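Read the structure below first, then the notes.
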Amino acid sequence: QVQLVESGGGLVQPGGSLRLSCAASGSIFGFTSMAWYRRAPGKQREFVAVITNGGITNYLASVKDRFTISRDNSENTMYLQMNSLKPEDTAVYYCNVAFGATVYWGQGTQVTVSS
């Protein structure tokens, strides 16, 4: 069983930065991928970024030049560095880890971009 805990969310002004963390407890050895998703108010959850076990990354087009996904294997932690934040980035951000078809989710962290 894997548990994920997100942190690092908060209120930031447009143009600001935040770094989200996703800490995994339990072994994630052999995972397939780790990813970030978000759910904005009144909208469906959408994919934001993914990093595979081999280190390949992919991003939602609207965040590709502003967000960076990374992981620290020694600490079982994944990060999402978010720069040049926009009001439309406001959402609850969730991380997940996939082992093939089995996916574990965190509880989410709120990011609010507002002046």
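Only residues that are in a loop (DSSP other than H, G, I, E, B) and either of a type in the set (S, T, N, Q) or open to solvent by 40 Å² or more (accessible area, probe 1.4 Å) (or both) were counted across the stretch 1-10, and they come to 1.
If you go through the stretch 97-107 and keep only what is surrounded by fewer than 19 Cβ atoms within 10 Å (Cβ to Cβ) and either under 13 Å from Ser21 (Cα atoms) or among the aromatic types (Phe, Trp, Tyr) (or both), you end up with Phe99, Tyr104, Trp105, Gln107.
Within the stretch 64-82, being of a type in the set (Lys, Arg), open to solvent by 50 Å² or more (accessible area, probe 1.4 Å) and within 18 Å of Val111 (Cβ to Cβ) holds for one residue alone: Lys64. Taken together, the residues in the stretch 27-56 that are aromatic (Phe, Trp, Tyr) and touching a Cys at 6+ places or on another chain (Cβ under 9 Å) amount to 2. Residues in the stretch 11-47 that are more than 19 Å from Thr77 (Cα to Cα), touching a residue at least 40 places away in the same chain (Cβ under 8 Å), in a strand (DSSP E or B) and open to solvent by less than 80 Å² (accessible area, probe 1.4 Å): Val12 alone.
The values are calculated or read from the model by the stated rules, or taken from the named source; none is laboratory data. Predicted model, so just to flag it, every value in this text is computed and none were measured. Quick reminder, even Gly has a Cβ in these numbers, built from the backbone with ideal geometry, and neighbours come from all protein chains shown. Each accessible area value is taken on the protein alone, full model and side chains, heavy atoms only, with ligands, DNA and RNA left out. Shrake-Rupley method; radii C 1.70, N 1.55, O 1.52, S 1.80 Å.
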